[in-house]
Amino acid sequence: MFEAFDRTGTGSSKWARAGAGRIALGLADMDLPGPPAIGAALAARAGHRAFGYTVCDPDGRQLVAEWYRRRHGVVVDPDWVMLLPFGPRTAVRLLLEAAEPRGPVVFGTPEWGGFGPVCRAAGLPYREVPLARDEDGYRLPVEEFADLRPGVVMVSSPHNPSGRPWRAREIRALAELAEESGGLLLSDEVHGDLVHPDADARHPVAVALPGTGSDGGAVRHTVTLNSVGKTFNTSGIPSCFALVPAAALRERLTAVMAGHGFWEGGLLEQLVQRAAFSEGGPWLDGLLAHLAVARDLAVEALGDAVAARPQASYLLWLDAAAVARKAGLPGLPGEHARAAILTERDVELADGSGFGPGGHGFLRLNYALPLARLRAALTHLTCENGL
């Protein structure tokens, strides 16, 4: 199901960025075919040649709630669900505007590279706090966040770039911090459906944790942001949804969206989401099994260059200098490793500097590929090709 797959001629930004003749392991989308149900739904709708304005799917909120019940075993109130016709980055930007934070926005580093630019675009002060790290990977610096008296705390959950599922107690502590400060916890959970079958922790859905549920005060200071884009490889059709328990925040977000010319729903967005959530479960189970095999191949091949063994998603966080050594390019400073590996070994990786100050000296590898192509890339990176 996840073998030979060619994206030539599809306008893939991931492969365009790498350049001809190179293996693209940089951007976070998958070189794997998505659920057949999504393609079938798009083809069927294309047969009706009117593509005008559409109303919001009346069953869309319940569909999201049912997904959380089946996949995560948690209760989400359908009234919390906002179906958004744009990608998660835009959602973060508009949520920040709607939240009207009274203190700085705080988040960790290394962390998904979109948080800083979005804060700058919103004209909001922000602070990047180094993530604690031990033998098991990164930890959230809850006390350091609290010292900054944040207006908004933002976190990617599971962690991007290391693929670590945060523990429920860590996310709960951030929700309680948001409640105490009168602020907001914004948990970006676009990789939350991709926890590996052998992980030692479940994904903690921020709005559904004990203590933040419908009877807990912290829930009104918490938002979960998610999308079918990463889970089902449909990011080229931008959409997402937010779980917003606070009615007042939902009202403000609706008003902010209208001011930018956005309304809930969207023709293709809703079509894809319905097909994914209604029929994509078995495909996702197969994907997760594939990702676990691909992860083990990459971890074994790259050995001590692996900074953290992922338990979710399809991203591998690597020590740049160690990768360069394995690729037969010893002595390179970490900041030059990506360029040298791209030109000398024809493999494109993401530079860790894009994940904030804590990412300097690291690289991120996307292993969501057919296994034959992944093996070819790992051969290039470990000098087994005789270079």
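The values are calculated or read from the model by the stated rules, or taken from the named source; none is laboratory data. All of these numbers come straight from a predicted model, not from anything done at the bench. Cβ coordinates were reconstructed from backbone atoms using ideal geometry, including for glycine residues, and neighbour counts include every protein chain displayed. Just the protein is used for accessible areas: all its heavy atoms, side chains included, with ligands, DNA and RNA removed. Shrake-Rupley method; radii C 1.70, N 1.55, O 1.52, S 1.80 Å.
Distances longer than 39 Å among the Cα atoms of the chain: what percent of all pairs is that?
Values: 11301 of 74691 pairs.
In whole percent, the share of Cα-Cα pairs in the chain beyond 39 Å is 15.
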Inset, instruction - Using a 1.4 angstrom probe, figure out how much accessible area the range 234-387 has per residue, in square angstrom, rounded to the nearest whole. - result: 37 Å²
Inset, instruction - Specify the inter-centroid distance of the range 208-273 and the range 274-334, based on alpha-carbon positions, in whole Å. - result: 28 Å
Inset, instruction - For a label point 7 Å from the Cα of E66 along Cα→C-beta, name the residues of the range 242-275 whose backbone N is under 12 Å from it. - result: 274-275
Inset, instruction - Leaving out ligands and nucleic acids, note down the accessible area per residue over the range 127-220 with a 1.4 angstrom probe, in whole Å². - result: 39 Å²
Legend entry - Residues D59 and W263, FRET efficiency given R0 of 22 Å [Cβ-Cβ distance, rounded to 0.05]: 0.80
Inset, instruction - Let me know the Rg and Dmax you get for the range 68-184 when you use only its Cα atoms, in Å. - result: 14.6, 41
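How much accessible area per residue does the range 1-89 have, counting only protein heavy atoms and a probe of 1.4 Å, in square angstrom?
Values: 4890 Å² over 89 residues.
Averaged over the residues of the range 1-89, the accessible area is 55 Å².
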Inset, instruction - Using a 1.4 Å probe over the heavy atoms of the protein chains, calculate the carbon and sulfur portion of the accessible area of the chain as a whole percent. - result: 52 percent
Legend entry - Electrostatic dipole magnitude of the chain [Cβ: Lys, Arg +1; Asp, Glu -1; Cα centre; debye, to 20]: 640 debye
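Using Cα pairs closer than 8 Å and at least 6 residues apart in sequence, work out the relative contact order for the range 123-236, in percent.
23 percent
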Legend entry - Label point distance in nm, A43-D147, each placed 7 Å from Cα along Cα→Cβ: 5.8 nm
Legend entry - Within the chain, percent of DSSP bridges classed antiparallel, to nearest 5: 55 percent
Inset, instruction - Taking each pair of different alpha-carbon atoms in the range 243-308 once, compute 1/r for the pair, average those values, and report the inverse of that mean as the Kirkwood hydrodynamic radius in Å to one decimal. - result: 16.1 Å
Legend entry - Magnitude of the charge dipole, the range 161-314, Cβ model with Lys/Arg +1 and Asp/Glu -1, debye to 20: 180 debye
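Where does the range 188-294 land on Rg/Rh, using Cα atoms and the Kirkwood Rh?
Working: Rg = 15.9 Å, Rh = 15.7 Å.
Value, to two decimals: 1.01.
Between D79 and E170, 0.36 nm times their residue separation minus their Cα-Cα distance comes to what? Write down the numbers at each step before the final one.
Details: separation 91, 0.36 × 91 = 32.76 nm, distance 2.60 nm.
Difference between extended and current length: 30.2 nm.
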Legend entry - Most mobile listed residue (R172, R325, R338) in the chain, GNM with C-alpha springs under 10 Å: R325
Inset, instruction - Please report the relative contact order for the chain, taking Cα pairs under 8 Å with a sequence separation of at least 6, and give it as a percent rounded to a whole number. - result: 23 percent
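So what's the back-of-envelope 222 nm ellipticity for the chain, counting only DSSP H runs of four-plus at -39500 (n - 2.57) apiece and dividing by all residues, rounded to 500? Spell out each step's value before the answer.
Working: 14 runs with 153 residues, N = 387.
So the helix-based figure for the chain works out to -12000 deg cm²/dmol.
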Inset, instruction - Please work out the ratio of the alpha-carbon Rg of the range 17-108 to 2.2 N^0.38 Å and round it to two decimals. - result: 1.52
Inset, instruction - Using a/c under 1.5 as the rounded threshold, could you call the range 318-375 rounded, prolate or oblate? The axes a ≥ b ≥ c are square roots of the C-alpha gyration tensor eigenvalues, and prolate needs a/b larger than b/c, oblate otherwise. - result: oblate
